[in-house]
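The values are calculated or read from the model by the stated rules, or taken from the named source; none is laboratory data. Note that the coordinates shown come from a computational prediction; the quantities given were computed from them, not determined experimentally. Heads up, the Cβs are rebuilt from the backbone with ideal geometry, glycines too, and the neighbour counts pull from every protein chain shown. Note: accessible area is taken over every heavy atom of the protein model, side chains too, but ligands, DNA and RNA are not part of it. Shrake-Rupley method; radii C 1.70, N 1.55, O 1.52, S 1.80 Å.
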Amino acid sequence: MILASAGAVGKGPPGSCYGRRMAGTYPLEDPLRYEKPVSPSAIVIFGANGDLTKRKLLPALYRLAYERRLPAGFAIVGISRTEMSDDQFREKMRESVEHFLEDSPFDADLWANFAKGLFYVSGDLADAAMYTALDARLKEIEVSRQTGGNVLFYLSTQPSYYSTAAAGLGAAGLQNPSVPGAWRRLIVEKPFGHDTASAAELNTNLQAVFPENAIYRIDHYLGKETVQNILAFRFGNGIFEPLWNRRYVNHVQITAAESIGVEGRGAYYQEAGALRDMIQNHLLQVMATISMEPPASYEPNAVRDERAKLLRSIRTLKPEEVAKNAVKGQYGPSKIGGADVPGFRQEHGVDPEAQTDTFAAITATVENWRWAGVPFYIRTGKRLPKRVTDIAIQFNQAPLSIFEGETGQQWPNLLVVRIQPEEGISLRFFSKLPGAGMKLRPVTMDFNYGTSFGTRTPTAYETLLLDALEGDATLYTRLDMVEASWNVVQPILNVWNETKFEFPNYAAGTWGPAAADEMLAARGHVWRVP
Amino acid sequence: MAETTAIDAGRLLKELDESWRSIGKSEGSGVLRACAMTLLVVVRSEEDPQALGETLAEIMHEHPNRTIVIRVGEGNAPVEARTSLQCWMPFGRRQQICCEQIDICATRENLSAVPPIIFGLMVADLPVALWCRDLSLASLEELRPVLRLAGKVMVDSSSQRDAVKALECLRKLSGGTWTLADLTWARITRWRETIVQVLRRGEPMEWCEVTYAGKGVSTAAGYLAAWLKRVSGSDVPLRCEDEESPPPGMGRIRAVRLQGGSQVVSLRRTGRTSLSIEAGRMGSTAVFPLHTDSMLLHEELNVFGRDPLFQDALATLPEVVRG
């Protein structure tokens, strides 16, 4: 059975999928049917020749143009080291958009118009001359494209260049709007540092140039429709929130599994690892979303205050507690579906002695009145049996079994929020088996996002780019959130860095090392099979 | 599926129940039953069943519902009804999703027998919407009890070639217990959105003009002019540019010209799906989708409750249309 919603909670206006904001005061606006317009602006993408630009950013911007969400006065300036003319850049981006555009047709006429707003500046990020050239180009574009002096800088480079680029922009005065009333903003991709100290240093460097309210730290998980839907589910309904606490919730499991390996990113991944790559940012943000207190309003800082407060409430592990509450794993070679799959250490570009975590699981506890004593189990890994991201809230079992053969012990009520694939929500509960007697069987009620709302959902990058252009930072992480996340992860990293692990400790295609099961077993719990 | 002369809501629901059991047995992985509302659809009997079926199928994908189609014909044939399940397999899934459909055929003579049947067929506790493209059909007195069941009544004034005639019908349908919606208002959403995007925020609108194609005053153009008049506070002339009717789906509005602050803005439909925009020295192109009934219904079904801007435009429409 499908439970389809009667209204449109958390859903945007028709014909567009970007409807989160409320009505403004502009008399032409119609928030029931379309979004308020984005102000004229230019986006400057550092790392325009990179994978992220080609796969995600340009397709997202083109799609926004297709949805008529971009203003008439709009331009994109690509920056990278490669020498290229504007036309060569346009052609390259056209190929990328045609190739990577998802769920959308490519419209040649629209592209012709969109491409007129594409420009390119080549140069070295460490070279002051490049910023002078960029400044000149932006001034030209401001006139020719009527961008109003508003500029969004997007750092899509290697993380080691973030500070260099910010300093270069600052030295050229590009952080200051050329027109009174205009804005300048900076988007930074994760990782925000590789440990607490480097994150603090990066923040200092960025804040030396841009004020905190102009820095948008992107975590694309927060831009996913289903993660946003957690807020709609929790705070748009009256029946769940009363159950959302230690009295009714037994524990929470958050799983982000990938079936693929490092896919040519071995050299990068070897330095990052699963704990840094997924838990420090994406999964702690998801945990904060599922467990934060209700914000007073759906305003950027009201929501972010609650997320930050929750992250600060996660108990920091002492060194001697790490072994019992965190599991590090690395996959070894295996045979999946008859094919040989290499272990992590056999992947291209990976050190054969690498101590990298391709699997990480932690037990987090939240020290506040709502969640005290409720474990949050978080696991992520590569080469696990399937690609799935979900959150499972397991409720306490009924206090008394009154039916024959009731197996409530093994089948407590479970609410699963599926983030990918097949986004949706399902609730497991007991039902009577037809026939004589009172035999029970667990069944599920499923809400499927895709089948209940037939419209296309925007990609996370479409949502987040549009938000940044509109100055809405609700779905972006703030400095205090980044710091709080590192405070959770750093003690684990410290212990792991001082320990030599016997790797590999799980075979590719399995659900991770035995130690992960033991971590839950110590509290009488078992991992779900998602 | 069954045909009957003695129509009983209980029997129709039982038939549906049997259909669910039957399809559940035949489909190994079961089916998903989807329903978020009751959608009442009133059409004339000569309406192309295939085109209507396609529209309803598209709507079901986005707004799963129990559809009750009331076909109104002439003559004195008895009321007939049949039930069916509409199923589809979403891409990449192994389970079908199904919605219920009930088709009722009646004539003007026995139309008054239909509302009691429908009362028993509504899905409990979920919203009810009614779609009747034909303004004069929607205005029939015999259908009033059915209209009163609906929270929202969606008509399409473009079924009347002339806005003056459309206004008479719209006036008859206004003031009921339901919220009235006109799909022609949804037809101008893209125009309004584009105007908002092109105009600089905060700049006053000094003058505007709307032109259209086809004989008779276009209701769509009238709505757009009414909306612009409410926003700008000044009269907005409506002008017929070409008496030839545009191709289906393109809409009758040809162009909008307006002065917003220091810039003159011109929006002109240049093709079936394209619009050229000139704002000051800037020129660009926008994609306008071809309007289908399902697209317009989808937009309206997403607006549950009162739409104050539409109400304002409807109230202003007589002034604009009659000059």
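The set of residues from the stretch B:290-323 being more than 8 Å from chain A (Cβ to nearest Cβ), open to solvent by 40 Å² or more (accessible area, probe 1.4 Å), under 23 Å from the mean Cα position of the chain (by Cα) and of a type outside the set (Ser, Thr, Tyr) comprises B:LEU290, B:ARG306, B:PRO308, B:GLN311, B:ASP312, B:ALA315. For the stretch A:474-489, the set of residues classified as closer than 19 Å to A:LYS224 by Cβ and open to solvent by 10 Å² or more (accessible area, probe 1.4 Å) consists of A:ARG478 only.
Kindly establish whether A:ASP109 is away from every other protein chain (no Cβ under 14 Å), more than 26 Å from the chain's Cα centre (by Cα) and surrounded by fewer than 18 Cβ atoms within 10 Å (Cβ to Cβ). Judged against the criteria, A:ASP109 is not a match.
Conditions tested, residue by residue: (1) modelled with pLDDT of 95 or more; (2) not aliphatic (A, V, I, L, M).
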| site | (1), (2) |
| --- | --- |
| A:ARG137 | yes, yes |
| A:GLU142 | no, yes |
| A:GLY149 | no, yes |
| A:GLY168 | yes, yes |
| A:GLY173 | yes, yes |
| A:ASP195 | no, yes |
| A:ALA208 | yes, no |
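Considering only residues in the stretch A:251-293 that are of a type in the set (A, V, I, L, M) and more than 18 Å from the chain's Cα centre (by Cα), the one that is surrounded by the fewest Cβ atoms within 10 Å (Cβ to Cβ) turns out to be A:ILE260. Tell me, please, whether a residue that is touching a Ser or Thr at 6+ places or on another chain (Cβ under 7 Å) and of a type in the set (S, T, N, Q) can be found in the stretch A:86-97. Scanning the stretch A:86-97, I find no residue that is touching a Ser or Thr at 6+ places or on another chain (Cβ under 7 Å) and of a type in the set (S, T, N, Q), so the answer is no.
Considering only residues in the stretch A:137-176 that are part of a helix (DSSP H, G or I) and among the hydroxyl-bearing types (Ser, Thr, Tyr), the one that is nearest to the other protein chains (Cβ to nearest Cβ) turns out to be A:SER144.
Exactly one residue out of B:VAL198, B:VAL164, B:VAL217 is crowded, with 22+ Cβ neighbours inside 10 Å and either without any contact (Cβ under 8 Å) to a residue 12 or more places away in the chain or away from every other protein chain (no Cβ under 14 Å) (or both): that is B:VAL217.
This table checks each residue for (1) over 23 Å from the mean Cα position of the chain (by Cα); (2) surrounded by fewer than 19 Cβ atoms within 10 Å (Cβ to Cβ); (3) aromatic (Phe, Trp, Tyr).
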| site | (1), (2), (3) |
| --- | --- |
| B:GLY73 | no, yes, no |
| B:THR83 | yes, no, no |
| B:GLN101 | no, no, no |
| B:ILE104 | no, no, no |
| B:GLU109 | yes, yes, no |
| B:ALA113 | yes, yes, no |
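When restricted to residues that are part of a helix (DSSP H, G or I) and either open to solvent by 20 Å² or more (accessible area, probe 1.4 Å) or aliphatic (A, V, I, L, M) (or both), the stretch A:116-136 contains 8. Taken over the stretch B:167-194, the residue count meeting the criterion of being of a type in the set (Asp, Glu) and open to solvent by less than 10 Å² (accessible area, probe 1.4 Å) is 2. What do you reckon, is A:ALA72 at pLDDT 90 or above and of a type outside the set (Asp, Glu)? Considered against the rule, which asks whether it is at pLDDT 90 or above and of a type outside the set (Asp, Glu), A:ALA72 comes out as no.
When A:ARG33 is tested against (1) over 30 Å from A:HIS99 (Cα atoms); (2) modelled with pLDDT of 80 or more; (3) within 25 Å of the chain's Cα centre (by Cα); (4) not hydrophobic (A, V, I, L, M, F, W, C), just one condition goes unmet, and that condition is (3).
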